[in-house]
Amino acid sequence: MKVATIQDAWKEVNKIFPTDYEKDEDSSRRAGYDIYRHPTLNYYNRICDLGCRLEVLTGEYGETVTNIWIEAEVAEESNESGTENAAALPGYGEMLAEKIRTTTTDFSKITDFEKFLLDRGWAFKTEEALRAGYDRAWKCSRGILLTEDEFAAEAGMGISDFSQWSENTAGEVYNALAEFVKAGKLTASEVYRYAYHKWCLRKPEAIVAYQEGRDKWIVNNCDTEISEDEAKVAVNSEWGFEASRIKIIGTPYHQRKVYPSVVVTERW
């Protein structure tokens, strides 16, 4: 079923839901989205507010599912050349994130899923993509290593120019990182960051580890090869060490990323 507005969606809910209902605060907090049900009657009958749709579950065990999609009619206008312009509708994750921003009164009590939505919801156009993205973040936060396919999916997000990498290259990067995890030199969360920040996706051979302490390792995350002289100048500029006393071990890599108002220089 499709309707044009959220108000129309709730009107349809009232036609098919068998009882009165109210927000179930505990279930909503656990789920990360609003759930409505009758406080004492059939627990399995419920309404899930998923932003772009209302999911209505009825029947003895909630086995009858009705999705009420909210798809606003997009006004079309003809420009001078006769082509039509239509305003782009927001993606699934963006809609959920906006709802959290406008309805939450105490952000200290939001769930991990809601935090993820506020941070990255805009990047996910569909419910399926959002759930897969959150699952990847959830796994690594609990020390579970991503699979190679999950690593490639995370690394490929937001990349429009695939001439810079391929899934084969991402696989090589993943295999190198997985070996470091086995050796105790990296954690599952750190592997996730290689995919999220797109470190070394073009040059797997740049991923090398240096032992900094008895149980502490530094694993390179930069993939732009520079000369030894450039490396010494960069070290001198960053930390002030005398260039003539700097010794570069191995192939030096360096990468500067410029973000709005922020310049981050990563180690090599």
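The values are calculated or read from the model by the stated rules, or taken from the named source; none is laboratory data. Predicted model only: the values in this text are computed from it and were never measured. Please note: Cβ atoms are built from the backbone with ideal geometry, for glycine as well, and neighbour counts cover all protein chains shown. The accessibility values were calculated without ligands, DNA or RNA, using every heavy atom of the protein model including side chains. Shrake-Rupley method; radii C 1.70, N 1.55, O 1.52, S 1.80 Å.
Can you say whether W165 is of a type in the set (F, W, Y), touching a Lys or Arg at 6+ places or on another chain (Cβ under 8 Å), under 28 Å from W138 (Cα atoms) and modelled with pLDDT of 65 or more, as far as the supplied structure shows?
It is false that W165 is of a type in the set (F, W, Y), touching a Lys or Arg at 6+ places or on another chain (Cβ under 8 Å), under 28 Å from W138 (Cα atoms) and modelled with pLDDT of 65 or more.
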Is it true that some residue in segment 201-212 is more than 17 Å from A137 (Cα to Cα), surrounded by fewer than 19 Cβ atoms within 10 Å (Cβ to Cβ), without any contact (Cβ under 8 Å) to a residue 12 or more places away in the chain and small (G, A, S)? no
Restricting segment 1-46 to residues that are of a type outside the set (D, E, K, R) and in contact with a helix residue (DSSP H, G or I) (Cβ under 6 Å, 6 or more places away or on another chain), the residue that is surrounded by the most Cβ atoms within 10 Å (Cβ to Cβ): I35
What are the residues in segment 51-61 that are under 14 Å from I35 (Cα atoms) and modelled with pLDDT of 85 or more, if any? L54, E55, V56, L57, T58
Within segment 62-87, which residues are in a loop (DSSP other than H, G, I, E, B), modelled with pLDDT of 80 or more and either hydroxyl-bearing (S, T, Y) or open to solvent by 50 Å² or more (accessible area, probe 1.4 Å) (or both)? E63
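How many residues are assigned to a helix (DSSP H, G or I), open to solvent by less than 50 Å² (accessible area, probe 1.4 Å) and over 23 Å from E172 (Cα atoms) if we restrict to segment 111-133?
The qualifying residues number 11.
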Here are the criteria: (1) out of contact with any Lys or Arg (no Cβ under 8 Å at 6 or more places or on another chain); (2) farther than 18 Å from R131 by Cα. Tell me which single one G32 does not satisfy. (2)
Among (1) of a type in the set (D, E, K, R); (2) outside any helix (DSSP H, G or I); (3) at pLDDT 75 or above - the single one E190 does not satisfy: (2)
